[in-house]
1. Filter the range B:166-199 down to the residues that are modelled with pLDDT of 90 or more and touching a helix residue (DSSP H, G or I) at 6+ places or on another chain (Cβ under 8 Å) and list them by number.
2. Determine whether residue A:175 is loosely packed, with under 14 Cβ neighbours inside 10 Å and not in a loop (DSSP other than H, G, I, E, B).
3. Please find, within the range B:46-67, the residue that is farthest from the other protein chains (Cβ to nearest Cβ) out of those that are exposed (fewer than 15 other Cβ atoms within 10 Å of the Cβ) and free of Cβ contacts under 8 Å to residues at least 12 places away in the same chain.
4. Of all residues being under 19 Å from residue B:111 (Cβ atoms) and in contact with a strand residue (DSSP E or B) (Cβ under 9 Å, 6 or more places away or on another chain) in the range B:155-172, which is surrounded by the fewest Cβ atoms within 10 Å (Cβ to Cβ)? Just the residue, please.
5. Which condition number in (1) touching a strand residue (DSSP E or B) at 6+ places or on another chain (Cβ under 9 Å); (2) under 30 Å from residue B:121 (Cβ atoms); (3) within 7 Å of another protein chain (Cβ to nearest Cβ) is the one that residue B:33 fails?
6. Residue B:70: outside the structural domain of residue B:149 (by TED's automatic domain parsing), on the phi < 0 side of the Ramachandran plot and surrounded by fewer than 19 Cβ atoms within 10 Å (Cβ to Cβ), yes or no?
7. At least 2 residues that are within 17 Å of the chain's Cα centre (by Cα) in each: list the helices (runs of 4 or more DSSP H) lying fully within the range A:1-107 that qualify.
């Protein structure tokens with residue numbers, strides 16, 4: 001027996017999504033097949049609208065409905081700070097903490113020679129242009145704490161050095177609620193190096 | 001910051017799918033946002049086509065593009081046997097084995113008083129009608145080997161008893177490649193009860 005063509009097509013398309021394999025795709029496709037037409041239409045419309053209604057902020061490349069995103073348009077945000085992140089999803093993570101009130105800049109990835117991502121493929125020039133305008137006092141580099149994130153962080157740091165800004169990056173150390181016994185050597189090492197005086 | 005409305009909507013709809021939570025839905029939505037329009041269109045069309053181009057076989061309730069599914073229409077299939085399964089996906093699993101050449105019948109679930117599924121909600125009457133036509137010699141009940149599957153199996157067995165058919169069900173025993181040490185008591189017990197003489 002051959003799987004009906006429209007089902008096979010749906011399985012193929014669904015399994016292209018990240019972390020969805022052939023088996024999960026089959027399960028999702030059969031679930032959709034059994035769902036009400038209304039539910040499937042809602043899903044299809046929501047996915048289509050993603051591409052038609054959402055754009056990237058002209059200023060910081062965050063996800064936005066308008067030309068400028070809700071962060072850049074918010075008059076209450078501190079316009080002297082920019083937090084540089086790899087992806088727009090990182091902004092959501094940082095916003096959830098309610099600890100940061102400045103602006104953002106999305107790089108759209110990290111420097112990665114292996115996957116062919118050079119500085120030209122990232123929004124690094126646009127960051128420099130924002131800094132050149134002069135009102136920025138601090139840049140917080142919030143790339144991921146892995147090799148590529150650290151490399152990108154260093155690259156941006158060197159690029160921004162001539163502007164005489166405060167350039168910081170997120171603290172490395174023990175995660176809150178963590179346990180020394182289960183932390184890896186590199187993390188404990190960084191936590192020792194970055195120890196903070198109790199006041 | 002609020003998440004842009006179209007993105008939030010896509011997250012909500014995606015997280016309604018089985019085994020996809022809010023975090024996976026966010027990841028999928030951001031992936032779709034970064035994908036080419038063509039890829040997203042392909043996915044959207046494939047999902048829409050599921051509901052418009054696929055129907056259920058009038059004979060056995062398998063997934064089908066036409067009135068009759070590819071199994072029911074295939075002249076090479078043995079028309080004296082029906083394998084009764086819970087869901088259309090089970091047909092795909094059995095077909096992959098290449099061990100069965102008869103017809104199928106999809107129940108569309110199992111008897112489950114807790115989730116409000118009674119015999120009237122399943123395609124059991126349609127199975128009896130197929131048997132009444134007279135050409136069927138064997139019914140293989142291939143419901144899942146769990147409590148609800150066993151109950152449904154027993155219910156169908158009693159219903160088909162008057163027709164004087166051979167009614168069988170899939171063998172229970174040790175899975176191929178398994179290890180006695182790791183098999184559960186119930187499986188080993190069934191394997192002992194269902195032991196087969198070596199010839």
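1. B:167
2. Numbers: loosely packed, with under 14 Cβ neighbours inside 10 Å: yes; not in a loop (DSSP other than H, G, I, E, B): no.
No: the conditions fail for residue A:175.
3. Across the range B:46-67, the extreme among qualifying residues is B:58.
4. So, considering only residues that are under 19 Å from residue B:111 (Cβ atoms) and in contact with a strand residue (DSSP E or B) (Cβ under 9 Å, 6 or more places away or on another chain), the one surrounded by the fewest Cβ atoms within 10 Å (Cβ to Cβ) is B:161.
5. It is condition (2) that residue B:33 fails.
6. On the way: outside the structural domain of residue B:149 (by TED's automatic domain parsing): yes; on the phi < 0 side of the Ramachandran plot: yes; surrounded by fewer than 19 Cβ atoms within 10 Å (Cβ to Cβ): yes.
So residue B:70 passes the test.
7. Details: elements: A:5-14, A:22-34, A:37-53, A:70-73, A:88-97.
Answer list for the range A:1-107: A:70-73, A:88-97.
Residue by residue, here is whether (1) modelled with pLDDT under 90; (2) closer than 21 Å to residue B:88 by Cβ holds:
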residue	(1), (2)
A:26	no, yes
A:34	yes, yes
A:42	no, no
A:46	no, no
A:62	no, no
A:67	no, no
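The values are calculated or read from the model by the stated rules, or taken from the named source; none is laboratory data. Computed from a prediction, not measured in an experiment: that's the story for all the values here. Note: ideal-geometry Cβ built from the backbone for every residue, glycine included; neighbour counts use all protein chains shown.
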